[in-house]
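Notes to accompany the following structure.
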Amino acid sequence: VVFVRQQSGQLEWRATTDATDTLHERLRFDDDLTDIFATFPDDAPLCAARRAFPGLRVISDPFFPCLVSFICSARTTVDRIHDLVTRLAREFGDTVTVDGSTYYAFPRPEQLETASETDLRQIGLGFRAPYVVETTRMVSSGELIADDFQDVSYSDAHGKLQTFLGVGPKIADCVSLFALGHLEAVPIDTWTRRLIERYFPDAVGDSYETTAAAFRDRFGKYAGYAQTYLYHYERSGAA
């Protein structure tokens, strides 16, 4: 268990293990934000987003939790996604007790594989339940695992991810960006499409793929970072 907070511009933490390397990896501290922003065009909304949230970073998630969490995200709210993921951890993950409080780890594939579709529906996954069951089976059986996505291009990873049941272009982009480190990936949900229409109407295409491609053409190999800043800027109400 790791407890983290930002205090006066500094990151502070305490943990039940040495968390330094883990936090460094998860929070992508090797990303040079100055160099990344130097590759972007001088767009006013993106500059404003950086001023508002100067330390915002794309995170690096483990593959399986990231994949299942975004499958759970289909057609629902952020609060609801958090609730579903928390329920999965409570029902099927390991427990760790610290100072009298109990915390729950996201289940490993072999743990989540014990859950039936009925079990998952009972904790609220609804239509997502069969997607999680089949995706877990594929990973647990070795049919398609994280190693299969190493050293492949963004395009290949994006296509291969859609082999998992319930994974379309948007979820594939989320996993590409946050678990596989393809920083050119641009997940487009309602918020992102709205901000593209507002700030970059020339990038609005007639499909998900054409809009995402136009955004990548504008912002290049770090387009996922541009999307992350603009997305948070828009959702926070700072815009």
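The values are calculated or read from the model by the stated rules, or taken from the named source; none is laboratory data. For clarity, every value in this text was computed on a predicted model and none was experimentally measured. So basically every Cβ, Gly included, is an ideal-geometry build from the backbone, and we count neighbours across all protein chains shown. Side chains included, ligands, DNA and RNA excluded: accessible areas come from the protein's heavy atoms. Shrake-Rupley method; radii C 1.70, N 1.55, O 1.52, S 1.80 Å.
Summary of computed values
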quantity	calculated
Length added when fully stretched, T97-E110, from 0.36 nm per residue minus Cα-Cα	2.5 nm
Computed helical MRE - 222 nm, the chain, DSSP H runs ≥ 4 contributing -39500 (n - 2.57), nearest 500	-15000 deg cm²/dmol
Gain on full stretching of the segment that runs from L56 to A19 - 0.36 nm per residue minus C-alpha separation	11.3 nm
In Å², nearest 10: area of K160 left accessible to a 1.4 Å probe	70 Å²
Counted charge near V133, where neighbours are those whose Cβ lies closer than 13 Å (Asp, Glu -1; Lys, Arg +1)	-1
Trypsin sites (Lys or Arg not before Pro) restricted to the range 64-112 and DSSP loop, no more than 10 other C-beta within 10 Å	R75
D42-E209 FRET efficiency (beta carbon distance; Förster radius 25 Å; 0.05 resolution)	0.40
Nearest-0.05 FRET efficiency for A239 and D32, computed from C-beta distance (R0 30 Å)	0.70
The range 26-112: relative contact order as a whole-number percent, Cα under 8 Å and 6+ apart	22 percent
Share of carbon and sulfur in the accessible heavy-atom surface of the chain [1.4 Å probe, %]	47 percent
